[in-house]
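A short reminder: the numbers here are calculations on the coordinates, not readings from a lab. Since we're looking at a predicted model, the values are computed, not measured. All Cβ positions, even for glycine, are placed from backbone atoms using ideal geometry, and neighbour counts span all protein chains on display.
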């Protein structure tokens, strides 16, 4: 039976004033908030199968192995008053198996993400973490 685990996604430097949210499999924004200058964190519940696959309402798939989570920004996060509409794609299929085992025992796994692209706007497309996945709480 799959175990529910928590993945903590922290955007280090979000663009203040923009809406950010998780995005479910139907592309609907979930837990939208307005960013400040402080880091922005989302705790994402996912299911961890016995064979190590991640699934659940926030996990998307691409091909046979790639799994990722979207953080929606601006219009994608439900803000109809902005011209910014982006998504950050965070890969989760490459989390080490030993860390997933710790998560199965209750540990929360986290990663820190960049919040800004080179143009100063919000980071989007496939976002490479600033840190490696790590146990952030047990």
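How do 109-115, 126-132 rank on mean C-beta neighbours within 10 Å, highest first?
Highest-to-lowest ranking by the protection proxy: 109-115, 126-132.
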If R₀ is 30 angstrom, what is the calculated FRET efficiency for the pair residue 126 and residue 30, using the beta carbon separation as r and rounding to 0.05? 0.90
Springs between alpha-carbon pairs under 10 angstrom, Gaussian network model over the chain: which of 89, 47, 26 fluctuates most? 26
Cα gyration tensor of the chain - equivalent ellipsoid semi-axes, whole Å, descending: 25, 15, 13
Pair residue 16, residue 117: separation of 7 Å Cα→Cβ label points (nm): 2.2 nm
Mean ellipticity per residue at 222 nm, deg cm²/dmol - from DSSP H runs of n ≥ 4 across the chain, formula -39500 (n - 2.57): -1500 deg cm²/dmol
Just need log10 I(q)/I(0) for segment 1-73 at q = 0.11, 0.19, 0.22 Å⁻¹, Debye formula, equal scatterers on the alpha-carbon atoms, no solvent, rounded to two decimals. -0.30, -0.79, -0.97
Figure the gain on full extension for residue 65 and residue 105 (residue separation times 0.36 nm, minus the Cα-Cα span) and round it to one decimal in nm. 12.1 nm
